[in-house]
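Trainee: Have a look at this one.
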Amino acid sequence: MIQKNLKILFVLLGLAVSNLAIAGEGMWLPLLLQSLNEAEMKSMGMKMSAEDIYSINKGSLKDAIVHFNGGCTSEIISGRGLLLTNHHCGYSQIQSHSSLENNYLRDGFWAKSLKDELVNNNLSATFIQRIEDVSKDILKGVTDAMNDKDRQSLIDQNMEKFKLTVKKEAYEDIVIRPFYKGNQYFMFVTLTYRDVRLVGAPPESVGKFGSDTDNWVWPRHTGDFSIFRIYADKNNLPAEYAEDNVPYTPKHFLPISLDGVEEGDFTMVFGFPGRTNQYLPSYAVSQIVDVLNPAKIGIRDRALKIVDAEMRADPQVKIQYASKFASIANYWKKWIGESQGLKSTNALDKKHQFEKEFMAKVNANAQWKDQYAYLLPEFKKLYAEIEPYALTRDYFNETAFRNIELLRVVNFMNNLVTRFDNNGETGYNDYKARLQSYLKGFYKNYRANIDQKVASDLLGLFDEKVPIDIIRQPLKEAVALSGTKSLEDFTRDMYKRSNFTTYDKVLALFEKSPKEAVAAIKADPAFKFGTKMMTVYDNEVGKKYNAINSKISTLQRLYMKAIIEVFPDKRFYPDANGTMRVSYGKVASYEPKDAVKYLTKTYLSGVMDKYVPGDYEFDVPEKLRTLYQQKDYGPYADKNGKMPVCFIGSNHTTGGNSGSPAIDAHGNLIGLNFDRVWEGTMSDINYDASICRNIMVDVRYILFFIDKYAGADYLIKEMKLVHPKKK
């Protein structure tokens, strides 16, 4: 049955262009562009071939696309391994090199030569060598009659056996991922470089211009870029950092267009989008909008207000907390826009209509009725069952693991204790070495007094809002046993007595013998409280949530198979899962609400309109103001003499596409993807061509800044600048 369904899937994937998904929608596998997308892409203005985009026989665009540290995308822009990505993708590296004396976050950084480029620990750059459909091998022997456990066990066995048969070089790795909710599998052969050095970054007043106020918002004026360089050994192969490593020579790098963009121009975004869920049933979408997002937004809103006040009051705190504040605020604002977008585009009504059509077709076919009629009623039942557990899970994760940092340390310490209990001193010492390295960096950017304020506020919210009563008991018991009179007094006392609030205290623990250290850790008040919370959560919430969610995942896999089979006139692209994808669209304006229309481009004049002297979000460096006043833009100005900053397109993007190149019809770099418009952040769940837009830095603004502001014209000379529109 599985093989039969796969054959059906392959047939459906080869449908004619007239039956394609909405232009601009979808995140497509580059391997399949020739059969699925090339005709449509050319009809939209693309001048390349699918072979120019993805090839294993010659250098192609995919050889310039790099997975940056496993979370962002980057691209090669010179023959000497120059790597372009977002400022926010390189933020933690820039921060790690910053101090009050050399504040690269505030002032920016530009290496004057190769020897001045800064070495980064644990930073990786991964290329995709080739992609193959391996469904036949991975799903060998899998049948519909199998339960989930047996099914996954066989898939795992098949995967391990198959990996042993793959022809690859010793320096290459293999990644196999499920697609279409586990109905299909693809293999990615990868090549990872680990000597990646910081070359340049603008000051955060440029790279983060607008900061949290403008995050997810259009019009945008952010120069969100940073530059790194990949280094290799003398054979151009991956190597750990060494002084005699040399700049990497790529198979392909992206030429850079100086011609700019206009409304209607073809755009392609190439990268590693993280996660989307386009095929959720209506019950899931309703739960996200009405229950889960409001809870997570409320938690982060309170944490952010506390941290923001502390950052504004102390410049040192601002440096320490800048990166994690941005990280917390990012999805807080995204969830707000997502919920609003799902409502404004009537996503639930669309889901209901689709499900109505699905059931009508299923009930009209005897075989489908037997196989698929139960799916939607079962979804309704399961989502009702999981709701209190899902809500409690979000409160617990956002409180214990995301926003109260002391409890995150407790989790690490619990892992250390577990290693000792299970593997003795050997297990303890092995984990301690890794943990100590992590905690050194953690405490560099940690203030216990700030964390205490967050803990007091969020634990109060947790006690008030979680729907499952038993999860509150550890908190109530801890407060009672401490002898304090209030939750605020309890948290103050816990932080005062805990050995996990400074690196020096932790080091003192680690200097003890493993047995003594473990005893001290177990006696710590934060450890007692945190591990009790975790135990109750695991037993009373986590296990029950996972059991129901496992049933939902199985149902989602079957539903995915069903809708592909039931709607042979539709094309279904796979959800994003962190693997290489192509999305394509056009430079396009949009109208988010009545009487409002957003144009496609912003200019440096808009930066000056927003300028607020000394403001941490909207300050502008003096040199940039001078360049603007003198109109000293070099060859990078638009044809109207203005300096472009950002533009928008209809490309379908998500988290992980940060740093992805925006590529023109000829294969040249025209911009750097870094965000989506707020009205369209719901595109992870419901892409709507009317308001879903991605935001890109115009590459000419990047070149202007490197050349005129940073004075790093030697980098410009490495690049290949072209004028494709003048051909």
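Trainee: Among the numbered conditions (1) surrounded by fewer than 20 Cβ atoms within 10 Å (Cβ to Cβ); (2) over 22 Å from the mean Cα position of the chain (by Cα), tell me where Arg408 comes up short.
Mentor: Tallying (1) surrounded by fewer than 20 Cβ atoms within 10 Å (Cβ to Cβ); (2) over 22 Å from the mean Cα position of the chain (by Cα), Arg408 fails exactly one: (2).
Trainee: Considering only residues that are hydroxyl-bearing (Ser, Thr, Tyr) and over 22 Å from Ile706 (Cα atoms), which ones fall in region 211-248?
Mentor: Within region 211-248, Thr213, Tyr241 qualify.
Trainee: Follow-up question, since we're still on this one. Do we have any residue at all in region 330-349 that's among the β-branched types (Val, Ile, Thr), modelled with pLDDT under 95, part of a helix (DSSP H, G or I) and under 13 Å from Ile288 (Cα atoms)?
Mentor: Filtering region 330-349 for residues among the β-branched types (Val, Ile, Thr) gives 336, 345.
Cutting the leftovers down to modelled with pLDDT under 95 gives us 336, 345.
Still in the list and also part of a helix (DSSP H, G or I): 336.
After this cut, where a residue has to be under 13 Å from Ile288 (Cα atoms) as well, the list is 336.
Scanning region 330-349 turns up at least one residue that is among the β-branched types (Val, Ile, Thr), modelled with pLDDT under 95, part of a helix (DSSP H, G or I) and under 13 Å from Ile288 (Cα atoms).
Trainee: Next question. So Leu198 passes all but one of these: (1) closer than 30 Å to Ala665 by Cβ; (2) of a type outside the set (Lys, Arg); (3) buried (at least 24 other Cβ atoms within 10 Å of the Cβ). Which condition number does it fail?
Mentor: Status for Leu198: all satisfied but (1).
Trainee: Something else: Suppose we filter Ser92, Ser78 for residues that are within 28 Å of Pro661 (Cβ to Cβ), touching a helix residue (DSSP H, G or I) at 6+ places or on another chain (Cβ under 6 Å), among the hydroxyl-bearing types (Ser, Thr, Tyr) and at pLDDT 95 or above; which single one remains?
Mentor: Among Ser92, Ser78, only Ser78 is within 28 Å of Pro661 (Cβ to Cβ), touching a helix residue (DSSP H, G or I) at 6+ places or on another chain (Cβ under 6 Å), among the hydroxyl-bearing types (Ser, Thr, Tyr) and at pLDDT 95 or above.
Trainee: Shifting gears a bit: Hey, Gly298 hits all of (1) over 19 Å from Lys333 (Cβ atoms); (2) surrounded by fewer than 20 Cβ atoms within 10 Å (Cβ to Cβ) but one; which does it fall short on?
Mentor: (1) is the only condition that Gly298 fails.
Trainee: Here is a further query. Within region 41-54, which residues are over 24 Å from Gln184 (Cα atoms), touching a strand residue (DSSP E or B) at 6+ places or on another chain (Cβ under 8 Å) and crowded, with 16+ Cβ neighbours inside 10 Å?
Mentor: Those that are over 24 Å from Gln184 (Cα atoms), touching a strand residue (DSSP E or B) at 6+ places or on another chain (Cβ under 8 Å) and crowded, with 16+ Cβ neighbours inside 10 Å: Met41, Met44, Met46.
Trainee: Among the residues of region 464-521, which ones are more than 38 Å from the chain's Cα centre (by Cα), outside any helix (DSSP H, G or I) and of a type in the set (Ser, Thr, Tyr)?
Mentor: Within region 464-521, Thr484, Ser486, Ser513 qualify.
Trainee: Additional query: What tally of residues in region 138-154 results from selecting those that are surrounded by fewer than 18 Cβ atoms within 10 Å (Cβ to Cβ) and touching a residue at least 24 places away in the same chain (Cβ under 8 Å)?
Mentor: 3
Trainee: So which residues in region 21-50 are touching a His at 6+ places or on another chain (Cβ under 7 Å) and closer than 20 Å to Gly274 by Cβ, if there are any at all?
Mentor: Gly24, Glu25, Gly26, Met27
Trainee: Ala526 is checked against (1) under 24 Å from Asn147 (Cβ atoms); (2) surrounded by 19 or more Cβ atoms within 10 Å (Cβ to Cβ) and fails just one. What number does that condition carry?
Mentor: Single failed check for Ala526: (1).
Trainee: Can you report the number of residues in region 234-245 which are touching a residue at least 12 places away in the same chain (Cβ under 8 Å) and either surrounded by fewer than 17 Cβ atoms within 10 Å (Cβ to Cβ) or small (Gly, Ala, Ser) (or both)?
Mentor: Of the residues in that region, 7 qualify.
Trainee: For Lys717, which of the numbered conditions (1) out of contact with any Gly (no Cβ under 7 Å at 6 or more places or on another chain); (2) closer than 21 Å to Tyr91 by Cα fails to hold?
Mentor: Only one criterion in (1) out of contact with any Gly (no Cβ under 7 Å at 6 or more places or on another chain); (2) closer than 21 Å to Tyr91 by Cα is unmet by Lys717, namely (2).
Trainee: Oh, and also: Could you grab me the full set of residues in region 584-604 that are closer than 23 Å to Asp638 by Cβ, part of a strand (DSSP E or B) and of a type outside the set (D, E, K, R)?
Mentor: Answer for region 584-604, where residues must be closer than 23 Å to Asp638 by Cβ, part of a strand (DSSP E or B) and of a type outside the set (D, E, K, R): Gly585, Val587, Tyr590, Tyr598, Thr602, Tyr603.
Trainee: Six or more apart or on different chains, Cβ under 6 Å: which pairs go from a residue in region 110-136 that's over 30 Å from Glu51 (Cβ atoms) and without any contact (Cβ under 8 Å) to a residue 60 or more places away in the chain to one that's of a type outside the set (Ser, Thr, Tyr) and assigned to a helix (DSSP H, G or I)? Could you list them?
Mentor: As it stands, the answer is none, since no pair meets every condition given.
Trainee: Kindly indicate whether Lys485 is basic (Lys, Arg) and either farther than 25 Å from Lys440 by Cβ or touching an Asp or Glu at 6+ places or on another chain (Cβ under 7 Å) (or both).
Mentor: Details: basic (Lys, Arg): yes; either farther than 25 Å from Lys440 by Cβ or touching an Asp or Glu at 6+ places or on another chain (Cβ under 7 Å) (or both): yes.
When the stated conditions are applied, Lys485 passes them.
Trainee: Has region 240-258 got any residue that is in contact with a strand residue (DSSP E or B) (Cβ under 8 Å, 6 or more places away or on another chain), acidic (Asp, Glu) and within 30 Å of Lys42 (Cβ to Cβ)?
Mentor: The answer is no; no qualifying residue exists.
Trainee: Return the pairs, sorted by first residue and then second, in which the second residue is among the charged types (D, E, K, R) and in a loop (DSSP other than H, G, I, E, B), the first residue lies in region 69-94 and is under 19 Å from Asn215 (Cα atoms), the beta carbons are less than 8 Å apart, and the residues are 6+ apart or on different chains.
Mentor: Between residues of region 69-94 that are under 19 Å from Asn215 (Cα atoms) and residues that are among the charged types (D, E, K, R) and in a loop (DSSP other than H, G, I, E, B), the close pairs are Asn86/Asp224; His87/Lys208; His87/Asp224; His88/Lys208; His88/Asp224.
Trainee: Any chance you could count how many residues in region 311-348 are over 14 Å from Tyr616 (Cα atoms) and aromatic (Phe, Trp, Tyr)?
Mentor: Within region 311-348, residues that are over 14 Å from Tyr616 (Cα atoms) and aromatic (Phe, Trp, Tyr) number 3.
Trainee: For region 430-465, give me each residue that is free of Cβ contacts under 8 Å to residues at least 40 places away in the same chain, of a type in the set (A, V, I, L, M) and surrounded by 15 or more Cβ atoms within 10 Å (Cβ to Cβ).
Mentor: Within region 430-465, just Leu435 meets the criteria.
Trainee: Just checking: which of the helices (runs of 4 or more DSSP H) contained wholly in region 115-216 hold 2 or more residues that are more than 24 Å from the chain's Cα centre (by Cα), at pLDDT below 95 and charged (D, E, K, R)? Give the steps one after another, and end with the answer.
Mentor: On the way: elements: 135-138, 148-165, 204-207, 211-214.
Those helices (runs of 4 or more DSSP H) span 148-165.
Trainee: Sticking with this one: Being of a type outside the set (D, E, K, R), over 22 Å from Asn403 (Cβ atoms), crowded, with 17+ Cβ neighbours inside 10 Å and touching a residue at least 24 places away in the same chain (Cβ under 8 Å) is the requirement here; does Val541 meet it? Even if it seems obvious, please write down each step before you answer.
Mentor: Numbers: of a type outside the set (D, E, K, R): yes; over 22 Å from Asn403 (Cβ atoms): no; crowded, with 17+ Cβ neighbours inside 10 Å: yes; touching a residue at least 24 places away in the same chain (Cβ under 8 Å): yes.
For Val541, the condition - of a type outside the set (D, E, K, R), over 22 Å from Asn403 (Cβ atoms), crowded, with 17+ Cβ neighbours inside 10 Å and touching a residue at least 24 places away in the same chain (Cβ under 8 Å) - is not met.
Trainee: From the list Gly641, Gly634, which one is within 21 Å of Ile716 (Cβ to Cβ) and either among the acidic types (Asp, Glu) or surrounded by fewer than 13 Cβ atoms within 10 Å (Cβ to Cβ) (or both)?
Mentor: Gly641
The values are calculated or read from the model by the stated rules, or taken from the named source; none is laboratory data. Predicted model, so just to flag it, every value in this text is computed and none were measured. So basically every Cβ, Gly included, is an ideal-geometry build from the backbone, and we count neighbours across all protein chains shown.
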